[in-house]
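A.B. asks: First, the structure itself, so that you have it in front of you.
The values are calculated or read from the model by the stated rules, or taken from the named source; none is laboratory data. Quick caveat, the model's predicted, so the values are computed rather than measured. When we count neighbours, we look across all protein chains shown, and the Cβ atoms used for this are built from the backbone with ideal geometry, even at glycine.
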Amino acid sequence: MSTDTARFYVTTPIYYVNDRPHIGHVYTTTVADVLARYHRLRGDEVFFLTGTDEHAAKVVDSATDRGLSPQQWAGQNAAAFRDTFARLGMSNNDFIRTSEDRHKDKVLAYVEQLLASGDVYAGEYEGWYDAGQEEYIPENKAKEYDFRSPINNQPLVRKREKNYFFKLSAYRDRLLQLIEKDNPTFVQPEARRNEVLARIREGLNDVPISRTGTGGWGIPVPGDDEQSIYVWIDALFNYLTTVDTDDRIRYWPASVHLIAKDILWFHAVIWPALLMALDRPLPHQVYAHSFWIAEGQKMSKSLGNFIDLEKIDEYVTEFSLDALRYFLTTQGPMGATDADFAQDKFVAVYNSDLANAVGNCASRVTNMINRYFDGKLPPHGREFAVSHEYDRSAETAVAQYTEAMDRVHPAQAVEAAIKLIGDIDSYIEQTQPFRLAKDPENLPKVGTILYNCAEALRIASLLLWPVIPDAMEKLWERLGQTAYTQALANNGCGQFSRWIAWGQSKPDTPIAKGDPLFPRVEKS
Ligand code: ME8
């Protein structure tokens, strides 16, 4: 992914208000949050957007079932998403609801522009319709799916309606040029890119972008009150409407739209074509991850096995929010394969990476500095050769970490940070400061060793902060680095390149010990 300025604009899908938030929504939003925090740490100007998609027809139906107005029902559920994300520490800069005027007004203006340019025209449409997804399925796909919804297995319905169409067919060559040549990482990961390219090569039909019978729930097509703008088109525009204001337009184009593979086509094909038609700059990347399954099984309503809010809260209470973030980030389906959310895996990852690696290493280093140097960071002597090799290992970790984060592979980035923690442990095993310290003559040497350990730990803590911010801020208190916390508070900017350099810690800094950052959990 390339960003040509030090600005970073990351989005999540806007979620349907018909569902309660579940692990899938929390996952994509967590990954976006990790990326946003990483870029803030670097000192980039970050805008992180999430929100809710409210104009679906099923909102009207389920509101009616409950004796509520669509506004009330959407309002309740939007609040559930907003509150859940706030409670889970998401650092989004805004939360867009498509029922807000600031969104609707801009969508109207965009559609007016598209009508004026001829990119949107009136016509008639007939095809196979997936009512649950509010999506027409192309003839060949409908056949392949045996005329049933690939999502909920309900029969597809034959539907014919007057419609406004978007001239997608006119953008085939430009889309191929974009995805194949101009920006080869526009669609990621590679498997998804290949899928999209193959489907574009099969040919592109114009797409209907309006519907009737929404009972006034939705954004009307300008000049035609009978028709509402199709919910998907309305929804895609959120990424632009939110920042299409004088004080925010500098964030456009988005750096990365994070989504899952279920909604790839809309984001990788229809969205850039709409932007081309509006003559707006294109986002840098659409990253479509795969799915979480639960305990080896696809999550579904009928199986009742969703990792839902109650389950999520249980994990947070038992292991901490950082632990959940860590598990999602490192074990999640960022590539092209699905990932299993399984409790024993959660416990194993927690114990090995957080309790044993990060937590133990922090305790060991801060404890020894307390025992041998009275809780003050010892000076960095020069006489101990291993130190050179050692700061190299921090440098390697930082390089690998940055490279992975910039490719939107937070799991690999974290791996580099955990490897650095492992290097601290091996260094301690190798140099045996606890044995050397028995002879007071060795204290300068022990001091150098422990300085190196504390310095590498400090660097690792910066790398891990985007994923496990609470624990790392706690550790910064112990390492006398609360300035980081202050700089990063309230979407503040970090000074990564300065902070990350070897040798920033000042000798004599008070180093505190404390409770285990991640107490070990025993679980069958
Ligand atoms: O599609 N694993 O909203 P939605 C991982 N409103 N991620 C998952 C997941 C799973 N099992 N299930 C859901 C919509 N997600 C539209 C989007 S955008 C302009 C409009 C996540 O509520 C994933 O990010 O169905 C997926 O793309 C999104 O939730 C779908 O959310």
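A.B. asks: Return only the number of the condition from (1) more than 13 Å from the ligand (Cβ to nearest atom); (2) touching a helix residue (DSSP H, G or I) at 6+ places or on another chain (Cβ under 7 Å); (3) more than 26 Å from residue 335 (Cα to Cα) that residue 55 does not satisfy.
C.D. replies: Among (1) more than 13 Å from the ligand (Cβ to nearest atom); (2) touching a helix residue (DSSP H, G or I) at 6+ places or on another chain (Cβ under 7 Å); (3) more than 26 Å from residue 335 (Cα to Cα), the lone unmet condition for residue 55 is (1).
A.B. asks: Of all residues in segment 22-52, which are within 16 Å of the ligand (Cβ to nearest atom) and over 15 Å from the mean Cα position of the chain (by Cα)? If you could, list the steps in order and put the result at the bottom.
C.D. replies: Of segment 22-52, the ones within 16 Å of the ligand (Cβ to nearest atom) are 22-36, 48-52.
Correct list: 52 only.
A.B. asks: Right, next: Of all residues in segment 220-271, how many are acidic (Asp, Glu) and under 18 Å from residue 15 (Cα atoms)?
C.D. replies: Going through segment 220-271, the residues acidic (Asp, Glu) turn out to be 224-226, 234, 244, 246-247, 262.
Pick out the ones that are also under 18 Å from residue 15 (Cα atoms) and you get 234, 262.
Number satisfying all stated conditions: 2.
A.B. asks: So, restricting to strands (runs of 3 or more DSSP E) that lie completely within segment 67-142, which ones have at least 1 residues that are within 28 Å of the chain's Cα centre (by Cα) and closer than 30 Å to residue 493 by Cα? Please lay out each step first, then the result.
C.D. replies: Numbers: elements: 94-97, 120-130, 135-137.
Qualifying strands (runs of 3 or more DSSP E): 94-97.
A.B. asks: Sort through 237, 291 and tell me the only one that's at negative phi and buried (at least 19 other Cβ atoms within 10 Å of the Cβ).
C.D. replies: On the way: 291 fails: buried (at least 19 other Cβ atoms within 10 Å of the Cβ).
Exactly one residue qualifies, and that residue is 237.
A.B. asks: Tally up the residues in segment 297-330 that are farther than 25 Å from residue 132 by Cβ and surrounded by fewer than 18 Cβ atoms within 10 Å (Cβ to Cβ), please. Talk me through it step by step, then tell me what you get.
C.D. replies: Step one: filter segment 297-330 for residues farther than 25 Å from residue 132 by Cβ, giving 313-330.
Next, from what is left, pick out any that are surrounded by fewer than 18 Cβ atoms within 10 Å (Cβ to Cβ): 313-314, 316-318.
Adding up the residues that qualify gives 5.
A.B. asks: Given (1) surrounded by 13 or more Cβ atoms within 10 Å (Cβ to Cβ); (2) over 32 Å from the mean Cα position of the chain (by Cα), identify the lone condition not met by residue 149.
C.D. replies: (2)
A.B. asks: Can you find, within segment 184-211, the residue that is farthest from residue 230 (Cα to Cα) among those that are assigned to a loop (DSSP other than H, G, I, E, B) and β-branched (Val, Ile, Thr)?
C.D. replies: Going through segment 184-211, the residues assigned to a loop (DSSP other than H, G, I, E, B) turn out to be 184-186, 189, 202-206, 209.
Right, trim to β-branched (Val, Ile, Thr) and you get 185, 209.
Working: 185: 29, 209: 5 Å.
Per the stated criteria, the residue is 185.
A.B. asks: Ok, one more. Pairs please, first residue from segment 19-48 and more than 20 Å from residue 76 (Cα to Cα), second anywhere and within 16 Å of the ligand (Cβ to nearest atom) and of a type in the set (Asp, Glu), Cβ atoms under 8 Å, 6+ apart in sequence or on different chains.
C.D. replies: Here the result reads 47/94; 48/33, each pair linking segment 19-48 to a residue that is within 16 Å of the ligand (Cβ to nearest atom) and of a type in the set (Asp, Glu).
A.B. asks: Take segment 462-486 and flag every residue that is crowded, with 20+ Cβ neighbours inside 10 Å and touching a residue at least 60 places away in the same chain (Cβ under 8 Å).
C.D. replies: Matches in segment 462-486: 462, 463, 464, 465, 466, 467, 468, 469, 471, 475, 478, 479.
A.B. asks: Does residue 142 satisfy being of a type in the set (A, V, I, L, M), at negative phi, touching a residue at least 12 places away in the same chain (Cβ under 8 Å) and crowded, with 17+ Cβ neighbours inside 10 Å? Please lay out each step first, then the result.
C.D. replies: Working: of a type in the set (A, V, I, L, M): yes; at negative phi: yes; touching a residue at least 12 places away in the same chain (Cβ under 8 Å): yes; crowded, with 17+ Cβ neighbours inside 10 Å: yes.
Taking the combined requirement at face value, the residue satisfies it.
A.B. asks: Name the single residue that is modelled with the lowest pLDDT among those in segment 1-18 being surrounded by fewer than 20 Cβ atoms within 10 Å (Cβ to Cβ) and either under 14 Å from residue 85 (Cβ atoms) or more than 9 Å from the ligand (Cβ to nearest atom) (or both).
C.D. replies: My answer is 2.
So that you can scan it fast, the table gives a plain yes or no per residue for (1) at pLDDT below 95; (2) farther than 22 Å from residue 32 by Cα; (3) within 16 Å of the ligand (Cβ to nearest atom):
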| site | (1), (2), (3) |
| --- | --- |
| 171 | no, yes, no |
| 190 | no, no, no |
| 203 | yes, yes, no |
| 244 | no, no, yes |
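A.B. asks: Within the bounds of segment 88-98, is there any residue that is at positive phi, among the charged types (D, E, K, R) and surrounded by fewer than 19 Cβ atoms within 10 Å (Cβ to Cβ)? Before the answer, list the steps.
C.D. replies: Filtering segment 88-98 for residues at positive phi gives 89.
When the remaining residues are screened for being among the charged types (D, E, K, R), the result is none.
Checking segment 88-98: not a single residue is at positive phi, among the charged types (D, E, K, R) and surrounded by fewer than 19 Cβ atoms within 10 Å (Cβ to Cβ).
A.B. asks: Would you mind stating whether residue 326 is more than 14 Å from the ligand (Cβ to nearest atom), touching a residue at least 24 places away in the same chain (Cβ under 8 Å) and under 13 Å from residue 23 (Cα atoms)?
C.D. replies: Judged against the criteria, residue 326 is not a match.
A.B. asks: Within the bounds of segment 340-360, is there any residue that is within 16 Å of the ligand (Cβ to nearest atom) and either modelled with pLDDT under 95 or in contact with an Asp or Glu (Cβ under 6 Å, 6 or more places away or on another chain) (or both)? Quick ask: steps written out before the conclusion?
C.D. replies: Narrowing segment 340-360 to residues within 16 Å of the ligand (Cβ to nearest atom): 340-342, 345-346.
Next cut, either modelled with pLDDT under 95 or in contact with an Asp or Glu (Cβ under 6 Å, 6 or more places away or on another chain) (or both) only: 342.
Yes: one or more hits.
A.B. asks: For residue 190, state whether it is surrounded by fewer than 15 Cβ atoms within 10 Å (Cβ to Cβ), in contact with a Pro (Cβ under 6 Å, 6 or more places away or on another chain), in contact (Cβ under 8 Å) with a residue 24 or more places away in the chain and of a type outside the set (A, V, I, L, M, F, W, C).
C.D. replies: Values: surrounded by fewer than 15 Cβ atoms within 10 Å (Cβ to Cβ): yes; in contact with a Pro (Cβ under 6 Å, 6 or more places away or on another chain): no; in contact (Cβ under 8 Å) with a residue 24 or more places away in the chain: yes; of a type outside the set (A, V, I, L, M, F, W, C): yes.
In short, no.
A.B. asks: Would you check which residues across segment 294-352 are acidic (Asp, Glu) and on the phi < 0 side of the Ramachandran plot and list them?
C.D. replies: Applying the first criterion (acidic (Asp, Glu)) to segment 294-352 yields 295, 308, 310, 313-314, 318, 322, 338, 340, 344.
Passing the criteria: 308, 310, 313, 314, 318, 322, 338, 340, 344.
A.B. asks: Residue under question is residue 80, and the condition is that it be assigned by TED's automatic domain parsing to the domain that holds residue 237, modelled with pLDDT of 95 or more and either surrounded by fewer than 24 Cβ atoms within 10 Å (Cβ to Cβ) or away from the ligand (no atom under 15 Å from the Cβ) (or both); does it hold?
C.D. replies: Working: assigned by TED's automatic domain parsing to the domain that holds residue 237: yes; modelled with pLDDT of 95 or more: yes; either surrounded by fewer than 24 Cβ atoms within 10 Å (Cβ to Cβ) or away from the ligand (no atom under 15 Å from the Cβ) (or both): yes.
Yes: the conditions hold for residue 80.
A.B. asks: Sticking with this one: Look through segment 329-342, keep the residues that are assigned to a loop (DSSP other than H, G, I, E, B) and in contact with a Pro (Cβ under 9 Å, 6 or more places away or on another chain), and return whichever of them is farthest from residue 414 (Cα to Cα).
C.D. replies: Taking segment 329-342 as the starting set, the residues that turn out to be assigned to a loop (DSSP other than H, G, I, E, B) are 332-338, 342.
Checking which are in contact with a Pro (Cβ under 9 Å, 6 or more places away or on another chain) leaves us with 332, 334-336.
On the way: 332: 12, 334: 13, 335: 15, 336: 19 Å.
Ranking the qualifying residues of segment 329-342, first place goes to 336.
A.B. asks: So which residues in segment 266-317 are aromatic (Phe, Trp, Tyr) and under 23 Å from residue 201 (Cα atoms), if there are any at all?
C.D. replies: At the first step, the residues of segment 266-317 found to be aromatic (Phe, Trp, Tyr) are 266, 271, 287, 291-292, 306, 315.
The answer is 266, 271, 287.
A.B. asks: Do the conditions hold for residue 83, that is, is it among the acidic types (Asp, Glu) and in contact with a Phe, Trp or Tyr (Cβ under 9 Å, 6 or more places away or on another chain)?
C.D. replies: Numbers: among the acidic types (Asp, Glu): yes; in contact with a Phe, Trp or Tyr (Cβ under 9 Å, 6 or more places away or on another chain): no.
Considered against the rule, which asks whether it is among the acidic types (Asp, Glu) and in contact with a Phe, Trp or Tyr (Cβ under 9 Å, 6 or more places away or on another chain), residue 83 comes out as no.
A.B. asks: Please go through segment 288-310 and give me each residue that is touching a residue at least 40 places away in the same chain (Cβ under 8 Å) and more than 10 Å from the ligand (Cβ to nearest atom), ordered by number.
C.D. replies: 295, 296, 308, 309
A.B. asks: Return only the number of the condition from (1) over 14 Å from the mean Cα position of the chain (by Cα); (2) within 13 Å of the ligand (Cβ to nearest atom) that residue 252 does not satisfy.
C.D. replies: (2)
A.B. asks: Before we move on, is residue 257 within 14 Å of the ligand (Cβ to nearest atom), crowded, with 19+ Cβ neighbours inside 10 Å and either modelled with pLDDT of 95 or more or outside the structural domain of residue 21 (by TED's automatic domain parsing) (or both)?
C.D. replies: Working: within 14 Å of the ligand (Cβ to nearest atom): yes; crowded, with 19+ Cβ neighbours inside 10 Å: yes; either modelled with pLDDT of 95 or more or outside the structural domain of residue 21 (by TED's automatic domain parsing) (or both): yes.
Against the criterion (within 14 Å of the ligand (Cβ to nearest atom), crowded, with 19+ Cβ neighbours inside 10 Å and either modelled with pLDDT of 95 or more or outside the structural domain of residue 21 (by TED's automatic domain parsing) (or both)), residue 257 qualifies.
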